[in-house]
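See below for the structure under consideration.
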Amino acid sequence: NHTGVITVRGRGGGAKRMYRQIDFRRKDRDGIAGKVVGIEYDPNRSSHIALIEYADGVKRYVIAPKGLKTGMTILTSADSAVEPNVGNCMPLRFIPSGLEVHCVELAVGKGAQMCRSAGSYARLTNREGKYATLVLPSGETRRVSLDCRAVVGAVGNSDHQNRRLGKAGLTRHL
């Protein structure tokens, strides 16, 4: 409480978690090829993360999409020069309709805010005027600007919800 006295009995424990800084914007990496160095566990989120080493030597973490493997190359682009392969980041106007996307920006340049947890995705259904329509697995539809970026594919580690902890101690360690 406000005087520093512990008022909840039995709470405590948990392993220390080092925070991994995730690059949700990928704005300054336009046109630079990145190679996947490895897929790693992150204790701070349900999805796995991928360590990317770009051609200029910079290393960054990104959310790992389903199907991304070590040694693959990913690209980020602001124009149509990039093919819509798994892990590539581009504005919604250049992604073909019907594809699954994740790490979607809700405001241009703000960084990924939607569909970031394990197994989540949004389906790009159509484009009208300045907006794209995204359908979430819940059935909700969202209209997002065509200039907002998204990553092609669904987030990996979709079996996260099926994990059985098995004993109270594992919950305490979390």
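The values are calculated or read from the model by the stated rules, or taken from the named source; none is laboratory data. Bear in mind that the values here come from a model prediction, so they are computed numbers and not experimental data. Cβ coordinates were reconstructed from backbone atoms using ideal geometry, including for glycine residues, and neighbour counts include every protein chain displayed. Quick note on the areas: whole protein, heavy atoms, side chains included, nothing else; ligands and nucleic acids left out. Shrake-Rupley method; radii C 1.70, N 1.55, O 1.52, S 1.80 Å.
Before moving on, here are some points about what is shown:
- Stretched out straight at 0.36 nm per residue, the stretch from residue 126 to residue 113 would grow longer than its current Cα-Cα span by 2.7 nm.
- The range 1-86: C-alpha gyration tensor shape, a/c 1.5 cut-off, then a/b vs b/c: prolate
- Solvent accessible area, Å² - residue 94, 1.4 Å probe, full protein context: 70
- Bins of 5 Å, starting at 0 and running to the largest distance - Cα pair percent for the range 18-61: 5, 22, 32, 23, 13, 6, 0
- Estimated from the Cβ-Cβ distance and a Förster radius of 45 angstrom, the FRET efficiency linking residue 79 and residue 20 is about 0.90.
- Computed about the Cα centre, the dipole magnitude for the chain is approximately 860 debye when only Lys and Arg (+1) and Asp and Glu (-1) carry charge, each at its Cβ.
- Among 126, 98, 19 the positive-end extreme of the charge dipole of the chain (Cβ point charges): 19
- Principal axis dimensions, the range 1-153 - Cα atoms, whole angstrom, descending: 58, 38, 25
- Normalising the average separation of contacting C-alpha pairs (under 8 angstrom, six or more residues apart) by the number of residues puts the relative contact order of the range 1-111 at 23 percent.
- Of 87, 67, 3, farthest towards positive along the dipole that unit charges on Lys, Arg, Asp, Glu beta carbons give the chain: 3
- Per residue value of the accessible surface for the range 82-126 (all protein chains in place, 1.4 Å probe), Å²: 40
- Separation of the residue 97 and residue 161 label points, Cα + 7 Å toward Cβ, nm: 2.8
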